Amino acid sequence: MLGLLNKRPVAKAFAVITVGGISTYMVSRFFGRRAFAESPTPSPTPKRIFGKGPAFVYLQLHSSENVNHNTKRLCFKLPGGENAQSGLDLTSALLTFSKPAGSWLPVVRPYTPVSKLDKPGFVELLIKKYPNGKASTHLHNLKPGDSLLFIASISGFCWTPNKYPHVYLIAGGAGITPIYQLARGILDNPMDKTKVTVIFGVNTEEDLLLRSEFDAYKQRYPDRFNIHYTVSRPKKEFSPERGIRSGYVTKELLAELMHQASEEDTKVFVCGPPAMETALLGSGPFGRGGNGILQQLGYSKDKVHRF
């Protein structure tokens, strides 16, 4: 077939292709080298420190910060530095193992991280010190450079983005940590459009942990996120105009703030001290030993998750 073609057009085409090829080669070499020089070196895949099951990892305390009169924020280093992440799923907790001074037996306690789960290099815990609390006292006494043994990660509720159009997160005291982790995970995910309402009850205004973080989310997502604070022992100068209510998390308060239980696919998450959870859920396993406030408001067992 080539013998039937005119040689001049073939030669001309060959010359064009050759010149074009050389030009393309030169351009690609120039821009390729430039792009290569300006492109950052690809980062290695982050190392996931915690996964499902046992971990048995010692983490060194990087810093300890007083949050209020009885709560500290402890920041632990992850092995691997900036190339390491916790590897935890949303609503997960970490199980710690400690041997407090003067204790015959070790103490195992779960804590929910308050740092972003993909934060490189570190994981942060918010620890409230309880009277005679062996684990919390031991953790409060840790100094930067000390190590703590983390023996496992604990999976919580399996969250699916956009499964529920609206969720209610009810917390009391230090029970705010899993509530905060879930709210943050939802709001930080640009693909998740779930609306979030947090109801947070504490003893005093100083106990409103993570308040600045919650207020920042409320300002950032006014159409998707709302939070209601209530204080059972307010100071004399307490003013409701400051966005804080006076009182406990009661049936009347929840009836005012929550939509009807018949709302399709609504989910309620609860975490707080035993007395609060008993009031909300009833004594014993959910629905046994007496109806709790949520059941009285029409929220069935399948609509409520207890952290």
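The values are calculated or read from the model by the stated rules, or taken from the named source; none is laboratory data. Owing to the predicted nature of the structure, the values given are computational and were not obtained by experimental measurement. Using ideal geometry, Cβ is built from the backbone for each residue, glycine included, and neighbour counts are taken over all protein chains shown. For accessibility, only protein heavy atoms count, side chains too; no ligands or nucleic acids. Shrake-Rupley method; radii C 1.70, N 1.55, O 1.52, S 1.80 Å.
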Solvent exposure, largest accessible area first (probe 1.4 Å, DNA, RNA and ligands not counted), of 245, 211: 245, 211
Nitroxide proxy distance, nm - points 7 Å out along Cα→Cβ at residue 143 and residue 45: 4.1 nm
Surface accessible to a 1.4 Å probe, per residue, for the residues of segment 166-306, Å²: 48 Å²
Cα gyration tensor category, rounded, prolate or oblate, for segment 166-306 with a/c compared to 1.5: oblate
Listed pairs 128/267; 47/267; 119/193; 134/301; 143/218 exceeding 29 Å between Cα atoms: 47/267; 134/301; 143/218
Built amide H within the under 5 Å cut-off of residue 269, gap 5+: 168, 169, 170, 305
Order by protection proxy (mean Cβ within 10 Å, highest first), peptides 182-191, 95-104, 109-118: 109-118, 182-191, 95-104
Portion, in percent, of the accessible area of segment 47-154 that falls on carbon or sulfur, probe 1.4 Å: 55 percent
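Sort segment 47-154 into rounded, prolate or oblate with this rule: let a ≥ b ≥ c be the square roots of the eigenvalues of the Cα gyration tensor; rounded if a/c is under 1.5, and if a/c is not under 1.5, prolate when a/b is larger than b/c, oblate otherwise. Show your work: numbers first, answer last.
Values: a/c = 1.71, a/b = 1.41, b/c = 1.21.
Since a/c reaches 1.5 and a/b is larger than b/c, the shape of segment 47-154 is classed as prolate.
Which value in Å is the Kirkwood Rh of segment 111-236 over different Cα pairs? Don't skip to the end; give the middle numbers.
Working: mean 1/r = 0.0613 Å⁻¹.
One over the average 1/r among Cα pairs gives 16.3 Å for segment 111-236.
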5 angstrom amide H check on residue 84, placed H, neighbours 5+ away: 47, 121
Ellipsoid equivalent to segment 120-191 - semi-axes via the Cα gyration tensor, in Å: 29, 16, 11
